[in-house]
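The values are calculated or read from the model by the stated rules, or taken from the named source; none is laboratory data. Note that the structure is a prediction, hence the values are computed from the model and not measured. Neighbour counts are summed over all protein chains in view; Cβ atoms, including those assigned to glycine, are modelled from backbone coordinates with ideal geometry. These accessible areas exclude ligands, DNA and RNA; they are computed on the full protein's heavy atoms, side chains included. Shrake-Rupley method; radii C 1.70, N 1.55, O 1.52, S 1.80 Å.
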Amino acid sequence: MLKQPLVSHIFTADPSAHVFAGRIYIYPSHDLDVTVPENDLGDQFGMTDYHVLSQSHPEQPATDHGEALHLRDVPWASQQLWAPDTAFRHGRYYLYFPARDKSGIFRIGVATSHQPEGPFKAEPAPLQGSFSIDPCVFRDDDGEYYLYFGGIWGGQLQCWATGTFIAAAKEPLDDTPALCPKVAKLTADMLQFAGPPQDALIIDDQGTPLPGRDTERRYFEGPWMHKYQGKYYLSYSTGDTHFLVYATSDKPTGPFTFRGRILNPVLGWTTHHSIVEFGGRWWLYYHDASLSGGVTYKRSVKVQELFYEADGSIRLMEP
Ligand code: FUB
C-alpha cells in the first residue's frame, strides 16, 4: 500500500517522533512552498519556522499545532531552520534545532516550552561549542541525555575536522576514516553540552572505522538513537547514496558496528527518519518528495511499521 503524507496542507520533512503523555509528537522541518535554485550546499532548504504535529496513534490522522517557533524569534540565527528534535525533562520540553548564525555558520540552539506542541521560546545564544546540523536528543534509561548531531556538505561537519572552522574543507573520499556523527552528554538543565562533543565512531564487523570512500555505509547526516533489547541503535542517512542504515553498540557513545540498511532510497534527494515505539510496535517516521512530484526541498512526512528479526537486526523496508 502506498503510504500517504501525515499532512498535505504544508510540506514537512526530517521527522523526529516521540511519545509524550501517551500521544505521538512529531517535530519536523517545515519546507517552504517556493521555487528556488538548488545546489550541494542545501541553499534550497530555506526554512523559517517549525510546526509540531501529533497523533493518537501512528495509523491515525495527524494534527498540525501551528507555528511553534519562528526564525525571527531566535536572536542568534540568520537563516535555515533545519531538522529539529525535542526532549522532555523536569516538566519542560526542549526543542533542539540547527540554524546558521549571523556569520553563516551552523550552530545548534535550544528553545523551551511547558507544552509538547509549543510555542517554544529560544535561548539567547546557541549551545556553547555547538556546530553543524541535525540534532537528535536521546534519554538513556539511567536518566542521562545525549545529543547526537552532524551532517556533511551543506551541514558543514567537514569544516570542523581540525577543530576550527575551515569553510573550504572537504570530507575524506579515500581509505582514511569517514567523518562520524558527534555525541555529547547534556547538562542537567539541558541547555549546554556537559563536555566536548566526541566522535560516535562507526566501524565494520572487523573493528575498522568505515573509510570515507564507503559512501553506501558511511555517515552523512540525520542521526537517530534508540534502544532495543539493551542495545544502542545509531541510524542515519548515507546522503549522496540515499540509504537509511544503522549500526549498534553496547554503549550510547559507541563505537557502533555497522549492521545494514533500514530503508531503500525514497523519491527526492534527502532521506531522514526517526524510530519510535508505540503500542508495543515500532514505527519508522521518514519523508519523501512524492506530494510535490519529486521537488527535493518540498518533502512530506510519512510513517510505516518497522520490524526486528529475532537476532535484533532491522528488516529492510521499501519506501
Ligand atoms: O531539511 C534540511 C536538511 O535536509 C536536513 O537537515 C538534512 O538531514 C536533510 O534532510
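Accessible area per residue was computed with a 1.4 Å probe on protein heavy atoms; TRP269 scores about 90 Å². For the stretch 1-99, the solvent-accessible area works out to 42 Å² per residue, with a probe of 1.4 Å and every protein chain left in place.
Expressed as a whole percent, the accessible surface of the stretch 1-101 that belongs to carbon and sulfur atoms is 51, based on a 1.4 Å probe.
Taking 28 Å as the straight-line reach from the Cα of LYS251, the lysines in range (excluding those fewer than 8 positions away in the same chain) are LYS182, LYS185, LYS227, LYS231.
Straight-line reach from LYS170: taking Cα to Cα under 13 Å and skipping same-chain neighbours fewer than 8 places apart, the aspartates and glutamates in range are ASP40.
Among DSSP beta bridges whose residues both lie in the chain, state the antiparallel percentage, nearest 5. Of the beta bridges lying entirely in the chain, close to 95 percent run antiparallel. The local environment of LYS298, defined by Cβ-Cβ distances under 9 Å, has a net charge of -1 under the rule Lys, Arg +1 and Asp, Glu -1. Modelled this way, with points 7 Å down the Cα-to-C-beta line, the labels at ALA188 and ASN39 are 4.7 nm from one another. Among the protein heavy atoms of the stretch 235-319, carbon and sulfur supply 50% of the accessible surface, probe 1.4 Å, non-protein parts ignored. Over all other residues within a Cβ to Cβ distance under 14 Å of ASP205, the charged ones net out to -1, with Lys and Arg as +1 and Asp and Glu as -1. Summing +1 for each Lys or Arg and -1 for each Asp or Glu among the other residues whose beta-carbon sits under 15 angstrom from that of PHE131 gives -1. A 1.4 Å probe run over the protein chains yields, for the stretch 218-276, 27 Å² of accessible area per residue, whole-number rounding. Accessible surface ranking for THR63, THR271, 1.4 angstrom probe, highest first: THR63, THR271. Select from PRO197, PRO116, PRO75 the residue whose mean-square fluctuation is largest in a Gaussian network model of the chain (Cα-Cα springs shorter than 10 Å). Most flexible of the set in this elastic network: PRO75. Each of ILE166 and ASP140 was given a label point 7 Å from its Cα along the Cα-to-Cβ line. The distance between the two points is 3.2 nm. Extension gain for ALA125 to LYS3 (0.36 nm times residue separation, less C-alpha to C-alpha distance): 40.0 nm. Computed from label points 7 Å out along Cα-Cβ, the spacing between ARG72 and ARG261 is 4.5 nm.
What's the carbon and sulfur percent of the stretch 122-229's accessible surface, probe 1.4 angstrom, rounded to a whole number? Walk me through the numbers before you get to the answer.
Details: 2360 of 4650 Å².
Using a 1.4 Å probe with all protein chains present, the stretch 122-229 comes out at 51 percent carbon and sulfur.
Only lysines eight or more places from LYS302 in sequence, or on another chain, were considered; those with a Cα closer than 19 Å are LYS3.
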